[in-house]
Amino acid sequence: MFKALHLWLPSYLRQRREHWEGSQETHLVMCVCDHFEPFHEASRPEALTRVRRWEEEFPAFSNTCHDSTGQALRHTFFYPIEGYDEDILSSVAALCRATACETEVHLHHRDDTAENLAATLEAGKRDLASHGLLSTDASGAIRFGFIHGNWALDNSHPAGLFCGVRNELRVLQEAGCYADLTMPSAPDPTQTAIINSIYYATPSDHVKSHNHGRPARVGVTDPGGFLLIQGPLGLNWRWRKWGFLPRIENADFTRHNPPTLDRLRLWLELNIHVEGRPEWVFAKLHTHGGNPRNMDMLLGQPFRDFHRALPQFTADHPGFHYHYVTARELVNIVHAAEAGKTGNPADYRDFRYTSRLHAPAP
């Protein structure tokens, strides 16, 4: 558990954290980003079976879970574009169409070049867009969110593995990526020093250029740079190893670490927000939902127990509100905060980017 601790623990110890009081006005914006890899250690028939299970089980489950404004549970599938399969994507798109879910771009690559990466992203955008997926901006251009396979964004692995493109942030930006949502990666050595942040990095030809950046702020609507949205990372003293060592909270949902109300309280205390809007707390969470072991948790009792406990938690904490969002909606709410919007963040789900799949009829 102590691998790569030196990369982020100093930042964690410097960050100011306050005990969350349930009476204070708080809107928790929750987004589950699924590194959805149905082909991982699986044949094509097995991959189809995994996706079919999501199609069969998630819609009915999601319709039993509603947030503070009545929106059903959302899920964002980050699909590996290097493994495009028409039947798989047709099923994923059908699932998204039947629910409030959306799909974004995931990519595993290694020993790559900027030129090849740009071509890969363009092909991936076309593939996903052919199923009605991804989103558009005001000009009608295709836009997308991104998660890097093996965590190695911007060639950040210390051994140079799983990427190869030093100026990856610039390539992503030029391809229409509206935000990266890869971090946190701890205990992986690709973890950044900056943690628990929504910030803008300056693309460069140096590796790991997202290791530093400028925080998103209210009133700064065009800060320049490339937007990165991190999930919570810290020490969880409520769940200890061997009874005394804190475990790492790294925003991951696994079979052995499903969401719980104790974890939710920690997300609130880590308080990831746009500077100047601390009452809008962002919890960018992740999982690998194509893995059958995690599927048992995500589509089974542990996930159901968590979401069914939220209404009572809300009743017990009068200032607390929670909002299920997709990655696109999360980014829109970030930009709304930068623009000085207040009140209910759910009012700004479509603030800048519009889903192609769920766009209102003209």
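The values are calculated or read from the model by the stated rules, or taken from the named source; none is laboratory data. What you are looking at is a predicted structure, and each value in this text was computed from that prediction instead of being measured. With ideal geometry, Cβ positions are generated from the backbone for all residues, glycine too; neighbour counts draw on all protein chains shown.
Miscellaneous remarks
- For the stretch 115-145, the candidate set comprises residues that are in contact with a helix residue (DSSP H, G or I) (Cβ under 9 Å, 6 or more places away or on another chain) and of a type in the set (K, R); within that set, the residue that is surrounded by the most Cβ atoms within 10 Å (Cβ to Cβ) is R143.
- Top-ranked residue of the stretch 1-38 - restricted to ones that are part of a strand (DSSP E or B) and over 16 Å from P232 (Cα atoms), ranked as farthest from the chain's Cα centre (by Cα): T26
- Only listed residue being aliphatic (A, V, I, L, M) and farther than 20 Å from N332 by Cα, chosen from I272, I248, I229: I248
- For the stretch 263-279, a residue qualifies if it is of a type outside the set (V, I, T) and over 20 Å from E249 (Cα atoms), and the qualifying residues are E275, G276, R277, P278, E279.
- Residue check, R166 of a type outside the set (G, A, S), in contact with a helix residue (DSSP H, G or I) (Cβ under 9 Å, 6 or more places away or on another chain) and at pLDDT below 95: yes
- Tabulated pairs, the stretch 345-360, first under 22 Å from V281 (Cα atoms), second in a loop (DSSP other than H, G, I, E, B) and of a type in the set (S, T, N, Q), C-beta under 9 angstrom, 6+ apart or interchain: A346/S68; A346/T69; A346/Q71; D347/T69; R349/Q71; R349/T326
- Just one of the listed residues (E86, E102) is in contact (Cβ under 8 Å) with a residue 12 or more places away in the chain and either more than 19 Å from P302 (Cβ to Cβ) or in contact with a helix residue (DSSP H, G or I) (Cβ under 6 Å, 6 or more places away or on another chain) (or both), namely E102.
- In the set (1) surrounded by 21 or more Cβ atoms within 10 Å (Cβ to Cβ); (2) touching a Pro at 6+ places or on another chain (Cβ under 8 Å), H273 fails one condition alone, (2).
- Of the residues making up the stretch 211-240, those that are surrounded by 15 or more Cβ atoms within 10 Å (Cβ to Cβ) and either in contact (Cβ under 8 Å) with a residue 40 or more places away in the chain or among the acidic types (D, E) (or both) number 16.
- Pair list, Cβ < 9 Å and 6+ apart or interchain, from the stretch 1-23 residues that are under 21 Å from F320 (Cβ atoms) to residues that are surrounded by 10 or more Cβ atoms within 10 Å (Cβ to Cβ) and small (G, A, S): R17/G234; E21/G319; G22/G319; S23/G319
- Test: residue in the stretch 52-75 that is at pLDDT 95 or above, small (G, A, S) and farther than 28 Å from L264 by Cβ: no
- Pairing each residue of the stretch 116-139 that is without any contact (Cβ under 8 Å) to a residue 40 or more places away in the chain with any residue that is among the charged types (D, E, K, R), provided the two are 6+ apart or on different chains, yields C-beta distances under 8 Å for T120/E82; T120/D112.
- Enumeration of residues in the stretch 241-251 that are on the phi > 0 side of the Ramachandran plot and without any contact (Cβ under 8 Å) to a residue 40 or more places away in the chain: W242, G243
- When restricted to residues that are out of contact with any helix residue (DSSP H, G or I) (no Cβ under 7 Å at 6 or more places or on another chain) and either of a type outside the set (S, T, N, Q) or within 17 Å of K341 (Cα to Cα) (or both), the stretch 207-216 contains 4.
- Residue satisfying condition, being closer than 20 Å to H75 by Cβ, in contact with a Cys (Cβ under 9 Å, 6 or more places away or on another chain) and basic (K, R), within set R308, R293, R255: R308
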